[in-house]
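Everything below concerns the one structure shown next.
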Amino acid sequence: MNRVNARVSNVATLLIVSMSLCVPALVQASRSDHVAIPHSKVAVASGAGINKATLACATDRYAHGVLGDGIEAGCLVLENEQGKQFLIELPVSRVFEDLEPRIADVDNDGSNDVVVVRSDNQYGAALVVYTLKGDEAIELFATPTIGRANRWLAPIGVADFNADGQPDIAYVQTPHIGGILKVWSLLDGKFQQIAEKRGFSNHSIGSRRVSTAKIVDHNDDGVVDIALPDQRRKQTVWLSLNPAMSSAIENTGGAILEPAVIDQQAYDEAYFQ
Ligand SMILES: [Ca+2]
Ligand SMILES: [Ca+2]
Ligand SMILES: [Ca+2]
C-alpha cells in the first residue's frame, strides 16, 4: 500500500488546533476551501468506512476543461461513519478531474473505499482508490497514469462483472479519441487489469455527465453487464465479462478477458437516463 502522495491530514484535528490557537481566519479559510466544486456530486453512503466524499479546493491550475469548465478539485474531503473528516490534498501538479466520487467497498474488506479520477499535468489521468485506515486516509491503489498530459478516463462504476466474488472497477480510457473499456480488480493483493475492449465513448468533451453508461444484467444470466455507446454514438453495445462467454486475450502482464458483445442496438440516449 502506498501512502497518499500528497499531504493527508485530519480536518477535524486542524479545526480544533486552529480554534485553540484563536485563529478564526484559518478556520474560515479551511471551511470555505472544502466546499464542493461547482457541478460536482457529494457521494454519501452508510456502513463502515467512508460515508461521505466531497471534491473540493476548486482550482483552475489544470488546463484541460473536458468536464464543462476549467475548474477541478485540488482536494478530496472524506468523512467516516462517526462524522470524522479526513483531507486528501494533491500537489499543484495534480487535480481530481472528476465530478462524482464513487463510494464502494473495492477491496471487499467490509469497509467503504472511494474511487476518483486523479490527473497529473505531465502524465494524464489515473483511476485511484482511497480508503481510511485508523486515523489516516491512504491511497489503496491506483492504475498507472495514461502517460500523457490531457489524457483522461471516465469511470463507469464498481460491480462484480466477472462473477468471481470480487468487486471490479470499469472505466473507458480516452473516451474522446478512441475509447478503451478497461476493467480492474484486486486479485491476490494486487490491483490488476482483468479485461479490455476498444471502441467505446461514455463521455463527450464539455459534458458535465461523467459517464453515459449503464450497469445492468441485460441477458439475465445473473452476472451484471455493461451498456456503452460505441465510439461514434451510433450504437449501444452490451458487454459481458461472464468468463463462460468472454475470450482470453494477451496483455502485458498476462491473459485478460475480452468482454463478449451480447447485444447491439441503435443508440438511444434515453436508455441511459
Ligand atoms: Ca474496503
Ligand atoms: Ca470480479
Ligand atoms: Ca448478464
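The values are calculated or read from the model by the stated rules, or taken from the named source; none is laboratory data. Keep in mind that what you see is a predicted model, and the values were worked out from it rather than measured. Note that each Cβ is placed from the backbone with ideal geometry, even for glycine, and that neighbours are counted across all protein chains shown.
Which one is surrounded by the fewest Cβ atoms within 10 Å (Cβ to Cβ) among residues in segment 129-174 that are small (G, A, S), assigned to a strand (DSSP E or B) and more than 16 Å from ligand 3 (Cβ to nearest atom)? Checking each candidate, the answer is A142. Scanning segment 211-253 for residues that are at pLDDT below 95 and away from ligand 2 (no atom under 16 Å from the Cβ) yields S247, I249, E250, N251, T252, G253. Can D107 be described as surrounded by 21 or more Cβ atoms within 10 Å (Cβ to Cβ) and touching an Asp or Glu at 6+ places or on another chain (Cβ under 7 Å)? No: the conditions fail for D107. Taking segment 255-273 as the range and being in a helix (DSSP H, G or I) and of a type in the set (A, V, I, L, M) as the test, only A270 passes. Would you pick out the residues in segment 138-163 that are within 14 Å of ligand 2 (Cβ to nearest atom) and free of Cβ contacts under 8 Å to residues at least 60 places away in the same chain? G157, V158, listed by residue number.
For the residues I249, I205, the requirement of being under 15 Å from V172 (Cα atoms), in contact (Cβ under 8 Å) with a residue 24 or more places away in the chain and among the hydrophobic types (A, V, I, L, M, F, W, C) singles out I205. Cβ-Cβ distances below 6 Å connect the following pairs, each with a first residue in segment 259-271 that is exposed (fewer than 13 other Cβ atoms within 10 Å of the Cβ), a second residue that is hydroxyl-bearing (S, T, Y), and a separation of six or more residues or different chains: Q265/T236. Screening G178 on (1) under 17 Å from the mean Cα position of the chain (by Cα); (2) surrounded by fewer than 20 Cβ atoms within 10 Å (Cβ to Cβ) shows it passes everything except condition (1). A single member of D135, D109 is more than 22 Å from H203 (Cβ to Cβ), touching a strand residue (DSSP E or B) at 6+ places or on another chain (Cβ under 9 Å) and within 16 Å of ligand 2 (Cβ to nearest atom), and it is D109. Among residues belonging to segment 175-188 that are over 27 Å from H39 (Cα atoms) and either assigned to a loop (DSSP other than H, G, I, E, B) or at pLDDT below 95 (or both), point out the one that is nearest to ligand 1 (Cβ to nearest atom). Ranking the qualifying residues of segment 175-188, first place goes to L186.
For segment 66-98, which positions are of a type outside the set (A, V, I, L, M) and in contact (Cβ under 8 Å) with a residue 60 or more places away in the chain?
Correct list: G68, K84, Q85, F86, E89, P91, R94, D98.
Taken as a whole, the structure leaves A255 outside the set of residues that are farther than 14 Å from I156 by Cβ and surrounded by 15 or more Cβ atoms within 10 Å (Cβ to Cβ).
Inclusion of R198 among residues that are more than 19 Å from Q235 (Cα to Cα) and loosely packed, with under 15 Cβ neighbours inside 10 Å is not warranted.
Which residues, taken from segment 225-251, are over 23 Å from the mean Cα position of the chain (by Cα) and not basic (K, R)?
Within segment 225-251, Q235, P243, A244, M245, S246, S247, A248, I249, E250 meet the criteria.
Looking at V261, V237, which is the one that is within 16 Å of ligand 3 (Cβ to nearest atom) and either out of contact with any Phe, Trp or Tyr (no Cβ under 9 Å at 6 or more places or on another chain) or closer than 30 Å to G65 by Cα (or both)? Checking each option against the conditions leaves just V237.
Please enumerate the residues belonging to segment 189-210 that are more than 21 Å from D69 (Cβ to Cβ) and either modelled with pLDDT of 95 or more or more than 16 Å from ligand 1 (Cβ to nearest atom) (or both).
Q192, Q193, I194, A195, E196, K197, R198, G199, F200
Among the residues of this structure, V95 counts as one that is more than 11 Å from ligand 1 (Cβ to nearest atom), under 22 Å from H39 (Cα atoms) and of a type in the set (A, V, I, L, M, F, W, C).
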